[in-house]
Amino acid sequence: MLDEVFERLYLNSKSEKRTDLEELYRIIKESFLEEKDAEYVMDFLKKYFLEVDEETRQVKLSSWTYSLFEMSIT
C-alpha cells in the first residue's frame, strides 16, 4: 500500500508536481479498515517523509526521501 503512495509521490515530485493533501489522504484511507489507522499513517508520512504546504494543501516528498527513491531506482 505505501509502495503505491510513495511511487505516486515520487513520480509527481520528479515532474515537479505536488499532490493534493486530500487526495493523498483518500488513497491512504481506502487501504485501511479503520479511519484512525489511516490518520496515524498520514501523520507518520507528514512527520518523516513529506513536505507539506498547509496554505495550498499540497504535498511532495522531502528532499531526502526523494533522494532515497532516486538511488533505489537507478
**Asked** What's the extension gain from ILE27 to MET1 if we count 0.36 nm per residue and subtract their Cα-Cα distance?
**Response** 8.4 nm
**Item:** Reachable lysines from LYS14, criterion Cα separation under 17 angstrom, eight or more residues apart if same chain
**Value:** LYS60
**Message:** With an 8 Å Cα cut-off and a minimum separation of 6 or more residues, compute the relative contact order for the stretch 2-73 in percent.
**Reply:** 34
**Complete:** Simple SL model, points at 7 angstrom along Cα→Cβ for GLU34 and ARG57; separation in nm is 2.7
**Complete:** Applied in sequence order to the stretch 44-50, the curve 6.51 cos²θ - 1.76 cosθ + 1.60 (Karplus, θ = phi - 60°) yields integer Hz couplings, x standing for Gly and Pro, of 4, 4, 5, 6, 10, 10, 10
**Request:** Report, by chain and number, residues whose modeled amide H sits under 5 Å from the one on LEU50, excluding near sequence neighbours (fewer than 5 apart, same chain).
**Result:** SER62
**Request:** Please list the equivalent ellipsoid semi-axes of the stretch 3-74, computed as the square roots of five times the alpha-carbon gyration tensor eigenvalues, in descending order and whole angstrom.
**Result:** 20, 14, 11
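No value in this document is a laboratory result; all are computed from the given coordinates. All figures in this text were calculated on a predicted structure; none of them were measured in a lab. Every residue, glycine among them, receives a Cβ derived from its backbone with ideal geometry; neighbour counts consider all protein chains shown.
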